[in-house]
Structures are given as C-alpha cells and as structure tokens.
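Asks: Structure in structure tokens, see below.
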C-alpha cells in the first residue's frame, strides 16, 4: 500500500465530514520539487468540533488507530493529533489550523493539485518554506533547513519573495531564512 492509498482513504473521510484540509510537510515539499523519504503525512485541518468528532470516529472505525479524545483535545489547544494506518504503519499528523493571521492566510492560499493520482489541497511553496522555517526554529532542525534550501534552489526564480519577506519578518524567522538561503546559495 502506497502514500496514495493512505492519503486517499484519509481525504475521503475528511471530505465526508466536510473538513477543509491542506497537505503540508515533506509530501508538500516533494510536490514542489524537494523530496526526502518519510512515512509521515502532515495535514492541516480546520474542522468544527462536530466535524472533528464525526471524522475521528469514522477514521478510527476504519483501518486507523486514532484516539478520539486526543483529537478533541488537540482542537481545544490548536495543536495536533495523529492516526496510524494499521495496514501500513504510515502515521498521519493532523495539525489543527491555528487562529493567528499567518495560519489563516496560509490556509486560504492552499491550492487543489493533482499528485500521486489524486486531487488534493496542498500548501503553496512559499507556505511550505515558512512552515519548515518555523519547525526549524522550534526544534533547531537542520533537516528542515535542508528542505527549505532544496526548495530555494529549485523554485527561487518563481517564489513570491515579497510574501516571504513579510512573513519571515512577522514570524521572527530571519535567522533560519538566512541560514537556509546560505545553504541554497541564493541571496535573500
């Protein structure tokens, strides 16, 4: 069973519950051109409490291990919860969309794209970059900076740099942005 099989089942359940979502993380990075091996799928979701409960209960009855109460608690704290596909071991991280301005803007910029034989909502390349810079800052992760550097090398000419500059400043990511830019060999 492949990524496409797992994400198809998850997206079907999200859509059945009426939950808007956005693929982000390593799979979004790979879609935009900078891939690395992972067995984690990251999805930002924006459910109502009722939608989330319906989704979590339906998914946990399917082939996934998921704690419904963890999902409800994650929504209350705007954090995340996960589900593990019992058939493959793939882990899906569900990140509750935060209410801050950047998170709302990022979510509004998602696009419907065709990948792995599926039509999915996916984060823009700029928002994948910003998200990875935030993860790098939180966890001081070299791997996240390497992902950003890869995206910068591949997509530099087409990036909305005004958008990136605005959010790098507002989110306090200047150090991470400079480090990734140096790794990529571009002048930010």
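Asks: What number of residues in segment 10-53 are under 13 Å from residue 122 (Cβ atoms) and assigned to a loop (DSSP other than H, G, I, E, B)?
Replies: Counting residues in segment 10-53 that are under 13 Å from residue 122 (Cβ atoms) and assigned to a loop (DSSP other than H, G, I, E, B) gives 3.
Asks: Is it fair to say residue 97 is modelled with pLDDT under 95, farther than 17 Å from residue 5 by Cα and surrounded by 15 or more Cβ atoms within 10 Å (Cβ to Cβ)?
Replies: When the stated conditions are applied, residue 97 does not pass them.
Asks: Under the condition of being surrounded by fewer than 17 Cβ atoms within 10 Å (Cβ to Cβ) and in contact with a helix residue (DSSP H, G or I) (Cβ under 9 Å, 6 or more places away or on another chain), which residue from segment 100-116 is farthest from residue 171 (Cα to Cα)?
Replies: Going through the qualifying residues, I end up with 116.
Asks: Here is a follow-up. Please go through segment 86-108 and give me each residue that is assigned to a loop (DSSP other than H, G, I, E, B) and either closer than 18 Å to residue 54 by Cβ or over 13 Å from the mean Cα position of the chain (by Cα) (or both), ordered by number.
Replies: Of everything in segment 86-108, those that are assigned to a loop (DSSP other than H, G, I, E, B) and either closer than 18 Å to residue 54 by Cβ or over 13 Å from the mean Cα position of the chain (by Cα) (or both) turn out to be 86, 87, 88, 89, 90, 97, 99, 100.
Asks: Let me confirm something: among 123, 136, 83, 184, which residue is over 16 Å from the mean Cα position of the chain (by Cα) and either over 21 Å from residue 52 (Cα atoms) or crowded, with 16+ Cβ neighbours inside 10 Å (or both)?
Replies: Going through 123, 136, 83, 184 in turn, the sole match is 184.
Asks: Might you let me know whether segment 71-80 holds any residue that is under 15 Å from the mean Cα position of the chain (by Cα) and outside any loop (DSSP other than H, G, I, E, B)?
Replies: yes
Asks: Looking at 45, 72, 19, which is the one that is at pLDDT 95 or above, surrounded by fewer than 20 Cβ atoms within 10 Å (Cβ to Cβ) and either over 21 Å from residue 119 (Cβ atoms) or touching a helix residue (DSSP H, G or I) at 6+ places or on another chain (Cβ under 8 Å) (or both)?
Replies: Sole residue among the options that is at pLDDT 95 or above, surrounded by fewer than 20 Cβ atoms within 10 Å (Cβ to Cβ) and either over 21 Å from residue 119 (Cβ atoms) or touching a helix residue (DSSP H, G or I) at 6+ places or on another chain (Cβ under 8 Å) (or both): 19.
Asks: Note down all Cβ pairs under 6 Å where the first residue falls in segment 5-29 and is free of Cβ contacts under 8 Å to residues at least 40 places away in the same chain, the second is surrounded by fewer than 20 Cβ atoms within 10 Å (Cβ to Cβ), and they're at least six residues apart or on different chains.
Replies: Listed pairs, sorted by first residue: 18/51; 19/51.
The values are calculated or read from the model by the stated rules, or taken from the named source; none is laboratory data. In this text the structure is predicted, and so the values were computed from the model without any measurement. All Cβ positions, glycine included, derive from the backbone under ideal geometry; neighbour counts span all protein chains shown.
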